[in-house]
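A short worksheet on the structure shown next.
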Amino acid sequence: MKKLKKVLSILLTVVMVLAMSATVFAAGEGSIKIENGLAGQTYSVYRIFDLESYNAESGAYAYKVNSSWTNFINQDSIKGEYVNVDDQGYVTWVEAKNNDAGAAEFAKLAIAYAKAEATKIDPVATKAPAADGEVAFTGLDLGYYLVDSTVGALCGLDTTKPTISIKDKNGGVPVIDKELVDKDGNAIGKGEENSASIGDTVYFKVTITAKAGAENYVMHDTMTDGLTLNEDSIEIEGATKGQDYTVATKDSEGNALADRCTFEISFSEDFLKKIDEDTELVVTYNAVLNENAVVGKSDTNTAELDYGDDQHTTAGSQTTTNTFDVDVFKYALKNNVETGLAGAVFKLEKADGTGIRVVEAETENTYRVALNSETASRERITTAADGKFTVYGLAAGNYKLEEITAPNGYNKLEAPVEFTIKDDGTTEVKNAEGNSVAADSVDILNKTGALLPSTGGIGTTVFYAVGIILMAGAVFFVVRGRKND
């Protein structure tokens, strides 16, 4: 009993000494100043631990868990892992986690908990930055505070002593840029617009400039009906699918994401928290221009990025893939009037001789460039009664029409007719002099052959008539001569 009294006496003495050396403070004397705040964002502060007392000279602090955060601290993933709480409720940091990395991990978990339990945990205060980017929280009770912003980047985790200044580690709002590339990843022109034939593969590259403190990044990509995504082609340089990011084309119930996008990429938080400076995340993928492509500048592809706790969305970055058509008119001149010719058979080719297969479209005398999978396709096109036909689904480029069979009674063309579809969809045709001339359609004139003389014609009759006359004359003179004799 005497020993117990002696121990209690010593403990009481220690407590009195600590009390004498502890700093005395009044409630509401703390302040937090944030520098480099982002315009348009909102900053919030949460007090996780209450500061009961501290010693400015020795750097000793006595914390207790704020009542709003008790459930969070008592989780198995927190208590004993990041902090220890003794029987009196005092908090100490686990030595193994007493570093910047440990604090960052703890803060991430704390923010996630605050968002999940938003109805139970309110921030102590919320403010937007002033014009100079400064956010000042004053009149705070002293404690251990978590500071976060709606952009989703953790700003700080520190103790009011009683005043602290935190520089927002967030590098700014992420930027997304989409461009068209070739199969080797090289930009096409300005990267915003290209053309393709139906069945061609179109290649895309999206560059996301991620910022320090990146959080909740989800990329959305929306394609028109004229593009068919090759889901297996989606890759991110330096990242592992299934670990660093996941790809989805359907929602949790198995329905297509058509209401929002064609597909989405969600980045894992473990991957994002490694980003501590501006970092480019390069996403590549491709799609096939399909039978739903519409002639003209209409098949678009838009990418945008959701980010932050409140899921802000960047401005979309869009590309356009065009496809065009060409009209053909096969005719002859009859009394100087252009008259369509039926029965001419043509083969459409690229300038390099690659044949182009087509299928009949719903509109009469109209053909569409075929997909590789369409077995009913053909290479030859025959003109109808009006001598006209249209082919659509062609990329800008150089082409030629070779006449395989001429209409009955007409001469087959000696050489293919060359034409060009320009980037704006207009057509130019090479004339007899080899010059390209703008034209609304590829007009092809056929000439008929000359009528040749035939056996038994008038030419032979003339010779017979002359021969008979000469013979009659000879007989006449012979008879007359005999009479005279």
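The values are calculated or read from the model by the stated rules, or taken from the named source; none is laboratory data. Small disclaimer: the values here were computed from a predicted structure and weren't measured. So basically every Cβ, Gly included, is an ideal-geometry build from the backbone, and we count neighbours across all protein chains shown.
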Q) Does segment 89-106 contain any residue that is farther than 26 Å from Gln311 by Cβ, without any contact (Cβ under 8 Å) to a residue 24 or more places away in the chain, assigned to a strand (DSSP E or B) and among the aromatic types (Phe, Trp, Tyr)? A) yes
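In segment 374-385, what residues are in a loop (DSSP other than H, G, I, E, B) and either among the hydrophobic types (A, V, I, L, M, F, W, C) or touching a Pro at 6+ places or on another chain (Cβ under 6 Å) (or both)? Spell out how you get there, then give the answer.
Filtering segment 374-385 down to residues in a loop (DSSP other than H, G, I, E, B) leaves 374-377, 379, 383-385.
Within segment 374-385, Ala376, Ala384, Ala385 meet the criteria.
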Subset of segment 251-261, residues within 15 Å of Leu305 (Cβ to Cβ) and surrounded by 16 or more Cβ atoms within 10 Å (Cβ to Cβ), comes to Cys261
Picked from segment 427-449 (must be farther than 28 Å from Lys190 by Cα and hydrophobic (A, V, I, L, M, F, W, C)), the residue surrounded by the fewest Cβ atoms within 10 Å (Cβ to Cβ) is Ala432
Of those in segment 398-426 that are under 30 Å from the mean Cα position of the chain (by Cα) and over 17 Å from Arg368 (Cβ atoms), the residue surrounded by the most Cβ atoms within 10 Å (Cβ to Cβ) is Thr420
Selection from segment 329-373 of residues surrounded by 15 or more Cβ atoms within 10 Å (Cβ to Cβ), part of a loop (DSSP other than H, G, I, E, B) and charged (D, E, K, R) yields Arg357
Expected single match for under 14 Å from the mean Cα position of the chain (by Cα), loosely packed, with under 14 Cβ neighbours inside 10 Å and modelled with pLDDT of 90 or more among Glu192, Glu231 is Glu231
Expected output for segment 329-340 (first residue in contact (Cβ under 8 Å) with a residue 24 or more places away in the chain, partner surrounded by fewer than 11 Cβ atoms within 10 Å (Cβ to Cβ), Cβ below 8 Å, 6+ apart or cross-chain) is Gly340/Ala385
Listed by range, strands (runs of 3 or more DSSP E) wholly within segment 137-183 having at least 3 residues that are at pLDDT 70 or above, charged (D, E, K, R) and farther than 13 Å from Tyr46 by Cβ are 175-181
Residue set Glu95, Glu117; condition at pLDDT 85 or above, within 22 Å of Ala62 (Cβ to Cβ) and of a type in the set (Asp, Glu); output residue Glu95
Here the residues within segment 366-399 that are of a type outside the set (Ser, Thr, Tyr), in contact with a Ser or Thr (Cβ under 9 Å, 6 or more places away or on another chain) and under 28 Å from Tyr410 (Cα atoms) are Arg380, Gly387, Lys388, Phe389, Val391, Asn398
Contact list, first residue from segment 272-298 and surrounded by fewer than 16 Cβ atoms within 10 Å (Cβ to Cβ) and in a loop (DSSP other than H, G, I, E, B), second anywhere and among the charged types (D, E, K, R) and modelled with pLDDT under 95, beta-carbon distance below 7 Å, six or more apart or interchain, is Asp278/Lys211; Asn292/Asp225
Scanning segment 98-114 for residues that are hydrophobic (A, V, I, L, M, F, W, C), crowded, with 17+ Cβ neighbours inside 10 Å and modelled with pLDDT of 85 or more gives Phe106, Ala110, Ala114
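If I filter segment 306-322 for residues that are over 30 Å from Lys211 (Cβ atoms) and not aliphatic (A, V, I, L, M), do I get at least one hit? If you could, list the steps in order and put the result at the bottom.
Within segment 306-322, the subset over 30 Å from Lys211 (Cβ atoms) is 321-322.
Keeping just the survivors that are not aliphatic (A, V, I, L, M) gives 321-322.
Yes, some residue in segment 306-322 is over 30 Å from Lys211 (Cβ atoms) and not aliphatic (A, V, I, L, M).
Going by what's in this entry, would Asp244 be described as modelled with pLDDT of 95 or more, of a type outside the set (Ser, Thr, Tyr) and more than 18 Å from the chain's Cα centre (by Cα)? Even if it seems obvious, please write down each step before you answer.
Numbers: modelled with pLDDT of 95 or more: yes; of a type outside the set (Ser, Thr, Tyr): yes; more than 18 Å from the chain's Cα centre (by Cα): yes.
Criteria met by Asp244.
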Within segment 59-86, the residues that are assigned to a loop (DSSP other than H, G, I, E, B) and at pLDDT 90 or above are Asn66, Asn74, Gln75, Asp76, Ser77, Ile78, Gly80, Glu81, Tyr82, Asp86
